[in-house]
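Take a look at the following structure, please.
The values are calculated or read from the model by the stated rules, or taken from the named source; none is laboratory data. Keep in mind the model is a prediction, meaning the values are calculated, not measured. FYI the Cβ positions are ideal-geometry reconstructions off the backbone, even for glycines, and counts take in every protein chain you see.
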Amino acid sequence: MSKSLELFFRTVGALCLDGKVQEVSQHFSYPLPVSTQDDLLVFGSAEMLAEGLAIFHRCMARLEIKRLVPTIVRDGLPHDGYSTVIVQWAHMRADGICVKTSQVRYLLRQDADNITPRIEMIDDLTEQQVDASAEQCQVLFA
């Protein structure tokens, strides 16, 4: 299942970077809790998440991130249609330089009739690092 999950996250990452926030927001369930080191955000609708994703898209553009490369670190066993997946993201520039990495835990729901999983919860496990580029953007998601 890791290869299909990797493809799913590659697709979600590419949609984010392409600014297709309405399309990517359809891959989530609502309300969507998102926890970071310091905050708990709850997006109550696809429209609210799309606003957050638009901020993420502008931030990635400002940092010249052209590709998000997901690697499945842990793919938990499904239980009652739910599974936990930990993804390490490499944030890549066009020249192939990895600007940063992040690690995120996702709670996924896979319905029997649904081929594509839905993300029901996000937990950013990345330790916050302060540098000049981080001060320019407040990144909501990895």
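Give me the residue from the range 124-142 that is surrounded by fewer than 18 Cβ atoms within 10 Å (Cβ to Cβ) and under 24 Å from SER25 (Cβ atoms) and, out of that set, modelled with the lowest pLDDT.
GLN138
A further question on this structure: Taking the residues in the range 13-47 that are of a type in the set (A, V, I, L, M, F, W, C) and in contact with a Pro (Cβ under 8 Å, 6 or more places away or on another chain) as candidates, determine which candidate is surrounded by the most Cβ atoms within 10 Å (Cβ to Cβ).
Here the residue is PHE43.
When the residues of the range 109-123 are narrowed to those that are more than 12 Å from the chain's Cα centre (by Cα) and among the β-branched types (Val, Ile, Thr), which ends up modelled with the lowest pLDDT?
Checked the range 109-123; the qualifying residue modelled with the lowest pLDDT is ILE115.
Any idea which residue in the range 55-75 is farthest from LYS100 (Cα to Cα), counting only those that are out of contact with any Lys or Arg (no Cβ under 7 Å at 6 or more places or on another chain) and loosely packed, with under 15 Cβ neighbours inside 10 Å?
That would be ARG74.
State the number of residues belonging to the range 93-108 that are at pLDDT 95 or above and over 16 Å from GLU6 (Cα atoms).
0
Also, quick follow-up: Go through the residues of the range 74-88 one by one and say whether even a single one is modelled with pLDDT of 90 or more, among the basic types (Lys, Arg) and out of contact with any Ser or Thr (no Cβ under 9 Å at 6 or more places or on another chain).
No.
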